[in-house]
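So the structure is just underneath, and the comments pick up after that.
The values are calculated or read from the model by the stated rules, or taken from the named source; none is laboratory data. This one's a predicted model, so the numbers in the text were calculated from it and none came from an experiment. Glycine gets a Cβ as well: all are built from the backbone with ideal geometry, and neighbour counts include every protein chain shown.
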Amino acid sequence: MSEPEPATAMSADAPIDWPRFAELVAAGASFALTTHVRPDCDALGSVLAMGIVLERLGKKVLPVTGYAMPPNLRWIDPKRKLKQLGVDASPADVEACDVLMVLDTSAWAQLNHVEDVVRAFPGTRIVVDHHLSGDDMRAEMFKDPRAEATGRLVVEAADHLGVAITPELATPLFAAMATDTGWFRFSSVTPETYRLAARLTAAGASPTAIYRNLYENETLARLHLIGCVMARCATDLDGRLIHTWVTLEDYVATGALPSDTEDLINMTLLVGGTQAAVILAEQPEGRWKVSFRGRCPVDCSKVAEQFGGGGHQAAAGAMVDGTLDAARARVLDAVRRAMR
């Protein structure tokens with residue numbers, strides 16, 4: 001199937017054209033919503049919340065990802081609306097929708113299992129994202145890299161569409177913002193972040209319950225995985241660079257799930273003197289999902305772009321081919337060059 005003509009590009013630095021977004025929403029009757037590989041809480045919360053917004057407007061909604069909902073995040077989807085492509089939703093189901101909306105990424109490499117479906121989609125494509133880097137997805141782009149989370153953009157969309165923030169919306173949106181800011185400790189946090197958090201709390205989100213679900217609901221298997229991965233940590237550049245890795249065998253040995261690697265890279269930065277961190281996670285198809293984190297002038301998104309990925313200055317990701325030794329060598333060499 002041929003690609004549709006690309007829509008007019010929008011500058012990532014320009015204000016989001018929400019009236020245009022409202023026009024596209026008004027023109028469609030059915031929407032497929034998707035997000036990036038191994039979705040985190042910002043991705044899932046944004047997809048689910050945007051779905052609720054659209055349903056309030058009388059739209060038919062199909063939230064779908066390439067992965068099953070991680071067990072530790074099932075609480076965010078109490079009505080079990082999210083579908084897994086190839087399990088309880090087919091490419092034909094997606095293709096039948098009028099509009100396909102991609103949230104929390106604008107990079108082809110980050111779509112993985114749903115990439116072919118997105119590329120083949122014959123209808124209108126929309127991207128809602130807060131990452132600086134991205135690809136030409138032949139879509140209308142609604143991006144703001146100044147936003148601390150895509151969840152904020154969903155709130156702005158709801159406001160412009162005239163949809164009130166209810167407890168059903170407030171919970172996934174608060175979780176999206178809280179996790180993408182490291183529970184409000186990252187440099188992306190501004191006074192506006194706290195104002196929005198207060199608004200969502202007033203609308204019915206419970207920070208106490210959300211925190212407990214996110215951070216006080218661990219499995220013994222995840223704790224074993226954390227121990228295994230942290231034991232491998234090694235430093236370089238006089239302790240400024242730290243890295244580790246996760247193999248498929250680790251999941252078997254500990255009983256953990258791939259989703260249990262969430263936030264492990266941030267734990268490596270707990271080591272004093274570290275300025276940048278890398279973690280490689282083996283994928284079933286033999287590739288390595290690489291995550292980059294930095295608290296120095298190095299732009300992680302630029303390093304990730306060398307491997308077809310992208311993200312933010314302080315946090316980015318990519319997929320790399322090859323054996324562990326080869327992938328690790330290529331990635332660490334790129335980070336060392338950027339840090340020198």
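Take segment 83-104 and flag every residue that is in contact with a Pro (Cβ under 9 Å, 6 or more places away or on another chain) and under 22 Å from Gln283 (Cα atoms).
Passing the criteria: Lys83, Leu85, Asp104.
Just wondering, is there one or more residues in segment 160-177 that are closer than 21 Å to Ile265 by Cα, assigned by TED's automatic domain parsing to the domain that holds Ala107 and out of contact with any Asp or Glu (no Cβ under 7 Å at 6 or more places or on another chain)?
yes
Can you confirm whether segment 169-187 contains a residue that is among the β-branched types (Val, Ile, Thr), in contact (Cβ under 8 Å) with a residue 40 or more places away in the chain and surrounded by fewer than 22 Cβ atoms within 10 Å (Cβ to Cβ)?
No, that holds for no residue.
Can you pull out every residue in segment 188-209 that is surrounded by 14 or more Cβ atoms within 10 Å (Cβ to Cβ), farther than 22 Å from Thr166 by Cα and of a type in the set (Ser, Thr, Tyr)?
Answer for segment 188-209, where residues must be surrounded by 14 or more Cβ atoms within 10 Å (Cβ to Cβ), farther than 22 Å from Thr166 by Cα and of a type in the set (Ser, Thr, Tyr): just Ser188.
Mind listing whichever residues of segment 146-163 are in a loop (DSSP other than H, G, I, E, B) and either buried (at least 18 other Cβ atoms within 10 Å of the Cβ) or at pLDDT 95 or above (or both)?
Ala147, Glu148, Ala149, Gly162, Val163
Among what's in segment 285-299 and is under 20 Å from the mean Cα position of the chain (by Cα) and outside any strand (DSSP E or B), pick the residue that is nearest to Asp321 (Cα to Cα).
Taking the candidates together, the pick is Arg287.
So which residues in segment 234-259 are over 29 Å from Ala68 (Cα atoms) and of a type outside the set (D, E, K, R), if there are any at all?
The answer is Ala234, Thr235, Leu237, Gly239, Leu241, Ile242.
Residue by residue through segment 210-236, note down the ones that are among the aliphatic types (A, V, I, L, M) and crowded, with 16+ Cβ neighbours inside 10 Å.
Ile210, Leu214, Leu225, Ile226, Val229
Here's the yes/no breakdown for (1) touching a residue at least 60 places away in the same chain (Cβ under 8 Å); (2) loosely packed, with under 15 Cβ neighbours inside 10 Å; (3) closer than 17 Å to Leu241 by Cβ:
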position: Pro284; (1), (2), (3): no, yes, no
position: Trp288; (1), (2), (3): no, no, no
position: Phe292; (1), (2), (3): no, no, yes
position: Gln313; (1), (2), (3): yes, no, yes
position: Ala316; (1), (2), (3): yes, no, yes
position: Met319; (1), (2), (3): yes, no, no
position: Arg328; (1), (2), (3): yes, no, yes
position: Arg337; (1), (2), (3): no, yes, yes
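Considering segment 36-50 alone, what residues qualify as being touching a Pro at 6+ places or on another chain (Cβ under 9 Å) and surrounded by 24 or more Cβ atoms within 10 Å (Cβ to Cβ)?
Answer for segment 36-50, where residues must be touching a Pro at 6+ places or on another chain (Cβ under 9 Å) and surrounded by 24 or more Cβ atoms within 10 Å (Cβ to Cβ): Pro39, Cys41, Leu44, Gly45, Ser46, Val47, Leu48, Ala49, Met50.
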